[in-house]
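As structure tokens, the structure follows; a few thoughts come after it.
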Amino acid sequence: MSTLYANLSDSIVRHLRHSTYVSGDILESCNKIHDLDPTEKCQFVIRTESCREDVYFFDYTYFLYCTIGYENITMFRLGTTLLFFGLLVYFTVLGTTADQYFCPVLAVISKTLKISESVAGVTILAFGNGSPDLFTAVSNPSNDTELMFGELLGAAMFVIGVVGATILIIKPFRMDPIAVVRDVIFFVFVVGWITICAYDERFTLFDAVVVVTVYVAYLATVLVEFFILKRKLRTVVSRISLSGDEPEDDPYYNQLREETEVIIRPRNPSMGSELDVTKNRISIFGHFERPSKNQNLFRDFFDNMNPIERDEWETSGYLRRTLTILQIPVRLLLSVIIPVVDYTMERHGWTKLLNMIHCLTLPLLFVLITGYMTKSILNIPVWAWQVILSLMAIVTIFFTSRTDRPPHYHLVYALLAFVGSILIIYVVAQEVVSLLVTIGLVLNLSQSMLGLSVLAWGNSIGDLFSNITLAKQGYGKMAFAACMGGPLFNLCLGLGCTMMMKALEKANHVAFSREGAMGENIEAFLLQLLATLLFVSLLTGFQARRSVGLIMIVIYLVFFLFCVLGELEIIHPYGTDHHNEGEFVN
């Protein structure tokens, strides 16, 4: 009986290695392609649904196994190398978008809303980085839960352990003790709750509601703390004013101001540590004689369309100049799609003719990405309606604005730049995920390993570029806050809402949830990472030193090594059976 049970268990395990669960059903896995002859691989890719699950715009699996083919192994390896080159192109787009568009406009929006870096990090930046993944997860509730657990938990591990650690290494700063303790407590509770709920592969509606409620409570706690700090700042200002002193001379006032406001920092260090936005606005909107509305309209357009900055070119070496030349197509494409709103630039980035073009290109991109391009309203295509509205906006802007200063409605372009940056980052991140999935297929990774590595890295690529770019530009607190708030946002709302929808489809309101072999590994190491972050922060007096970042990266590397050894079956991951065939007990 023991031998029969062992043989039956082995057959089930072998079957599951080539299968994937979707809503409780077993579907053929794309990994089975490795068991086929080279001549059969293309037809398998065409007829197997799981090989097309992560296709966005381009089908890299079809390109590799059908367009190039597996018959000629040299050409197949060349095609795989071409995919890695595609990754470099996508990384260039992400880096340029984050550096020139997303991060500057994020600082502008935060300054306009008068919120702190920490609040902006756990709200605006977390929502911007996580909302596309949230909408994708909610819109596909039937996706494999093993991939979902591995992807969301693996992304949290990567963002905190690598992106957050890199920020500490690039831009050390003093952490807010209350914020660190708050974030760690909420995160530990969520991970612990998910671990308990998913242990028996049953996720009830109540369990999912608790996960979503935790994030609502977390957000409320962040806002309450912020309003308390704002009230304390006003009290300090009143006290200093009554004594007849200047608030800027009081160290406590400056400390509170840094905790409650976003200080615009120039990219050029020679300009100082803070940019006086008010003074900049006065010099722009001052009442004195101006030239004609459209003077130098085309010259200003071509100057801003130039993808090579003269100062940057003259101070760069040969390698940097080569990279700049390779980035020219990317910079030109982005410049006609996303408007620039940056308080550190002349006229805050306003370029009249180029901004008029943005009224046409950005909405068309939105219509294309959201899938409304082929739909109609009153028998008229949506894109035609969009063109009509865009032309009306262009005409209005032409007659109500000048070339030498931004109009009073320039902040509307900040919203457009924010949405446009998110769209570009989302599209490119999806292509990165699709491309990495194809590479993971070539490497024959399991579903759990695919989720915690390839999918986690791909879905975190936007966080990686935007958060690190923010840290480089001086907004380290905002970036690190997003490294905690972003994964918590994705985990609570992404997993919570998806499991809630799954549970509502069942009569007993209980959804099937499978973490996979690596699920418990990620949870254990994630809890260890959070506990280490809190403990080391206490030892350093909440000084975000580079050593703290190095410790976090080491933990992530140990975690990834553990998962790789488990994938290769050298060691047993948590949650797997440690018995050999002959050790089963009847």
Quick query: amide H of Thr204 versus all other amide H atoms, modeled in the peptide plane; which residues come in under 5 Å with a sequence gap of 5 or more or a different chain?
Ala511
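If packing is taken as the average count of other Cβ atoms within 10 Å, what order do 98-110, 169-181 fall into, highest mean first?
Values: 98-110: 24.5, 169-181: 18.0.
Answer by packing, highest mean first, reads 98-110, 169-181.
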Förster-model FRET efficiency, 25 Å R0, Phe227 and Leu538, C-beta, rounded to 0.05
0.40
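By the scheme Lys and Arg +1, Asp and Glu -1, what is the net charge of all other residues having a beta-carbon under 11 Å from that of Asp250? Spell out each step's value before the answer.
On the way: positive: Arg239, Arg257; negative: Asp245, Glu246, Glu248, Asp249.
Around Asp250, the charge tally is -2.
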Each label sits 7 Å from Cα toward the beta-carbon; between Leu364 and Phe127 the label points are separated, in nm, by 2.9 nm
Using only protein heavy atoms and a 1.4 Å probe, report how much of Ser453 is accessible, in Å² to the nearest 10.
0 Å²
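What does the charge add up to near Gly95, with Lys and Arg as +1, Asp and Glu as -1, over the other residues with Cβ less than 12 Å from its Cβ?
Net of charged neighbours comes to +1.
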Taking 207-213, 488-494 and ranking on average Cβ neighbours within 10 Å, highest first, one gets 488-494, 207-213
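How high is the FRET efficiency between Thr81 and Arg239 when r is their beta carbon distance and R₀ equals 56 Å, given to the nearest 0.05? All intermediate terms of the calculation are to be shown ahead of the outcome.
Values: r = 66 Å, r/R0 = 1.17.
Computed FRET efficiency for Thr81 and Arg239: 0.30.
If you put +1 on each Lys and Arg Cβ and -1 on each Asp and Glu Cβ, how big is the dipole of region 167-215 around its Cα centre, in Debye rounded to 20? Could you put the intermediate results ahead of the total?
On the way: 4 positive and 5 negative charges, 62 e Å.
Charge dipole of region 167-215: 300 debye, to the nearest 20.
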Pull out the extension gain between Thr315 and His509, defined as 0.36 nm times the separation in residues minus the alpha carbon to alpha carbon distance; nm, one decimal.
63.5 nm
Sorted by accessible area (1.4 Å probe), largest first, how do Glu567, Glu314 line up?
Glu314, Glu567
Using a simple spin-label model with points 7 Å from Cα along the Cα→Cβ vector, what separation in nm is obtained for Phe91 and Asp249?
5.2 nm
Give me the lysines in straight-line cross-link reach of Lys41: C-alpha distance below 18 Å, same-chain residues under 8 apart excluded.
Lys32
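For Met484, what charge total do you get from the other residues with a beta carbon under 10 Å from its beta carbon, if Lys and Arg give +1 and Asp and Glu give -1? Write out the running numbers ahead of the final one.
Values: positive: Arg182; negative: Asp183.
Its environment carries a net charge of 0.
The values are calculated or read from the model by the stated rules, or taken from the named source; none is laboratory data. Computed from a predicted structure; not experimentally measured. Positions of Cβ are generated from backbone atoms using ideal geometry, with glycine treated the same way; all protein chains shown enter the neighbour counts. The accessibility values were calculated without ligands, DNA or RNA, using every heavy atom of the protein model including side chains. Shrake-Rupley method; radii C 1.70, N 1.55, O 1.52, S 1.80 Å.
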